[in-house]
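Here the structure comes first, spelled out in structure tokens, and everything after it is commentary.
The values are calculated or read from the model by the stated rules, or taken from the named source; none is laboratory data. Treat the numbers as computed from the prediction; the structure is a model and nothing was measured. Positions of Cβ are generated from backbone atoms using ideal geometry, with glycine treated the same way; all protein chains shown enter the neighbour counts.
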Amino acid sequence: MFGSVNPLNGDVVTHLADRLTQDNFIAHLQQILIRFCKKEIILFSDNYPTHNTPKVQAFLHANPRLKIVWMPKYSPKLNMMESIWKELKDVVGNWFYPTIPEMERAIMKFFRSLWYNKQKVLSLIPFNEKYSI
């Protein structure tokens with residue numbers, strides 16, 4: 001699963017994928033471009049290996065309104081999405097799901113609840129006035 005959060009307004013964009021591949025990461029980036037059409041986008045990303053491949057770089061070159069700032073390696077405290085992943089694990093992770101589709105539905109239900117509750121998202125992410133974008 002891929003996810004991105006806008007720390008200014010609480011918008012969350014997710015992409016449910018069976019594997020963390022460069023193609024699935026590109027699909028997530030495409031979702032971001034569609035969601036924020038006609039806007040310049042600065043995405044802060046961790047250095048997961050599939051996030052910074054030649055294919056991803058070619059995609060970014062072809063989509064100049066999307067810029068990625070690479071966070072330092074091993075710095076999860078800088079990744080605002082980490083607190084949302086933790087909340088997902090707390091809410092969804094303590095249940096038994098007999099099938100993968102049932103687990104996927106629970107995950108999507110969690111994210112749908114965040115889409116309609118931006119204040120909840122903003123309360124989860126470690127962002128406040130001392131940070132500037």
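The table below lists the values:
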read-out	value
Search result, residues across segment 110-126 that are in contact with a Ser or Thr (Cβ under 7 Å, 6 or more places away or on another chain) and surrounded by 15 or more Cβ atoms within 10 Å (Cβ to Cβ)	Phe111, Leu124, Ile125
Failed criterion for Glu40 (all others in (1) over 23 Å from Lys118 (Cβ atoms); (2) at pLDDT 90 or above; (3) of a type in the set (Asp, Glu) hold)	(1)
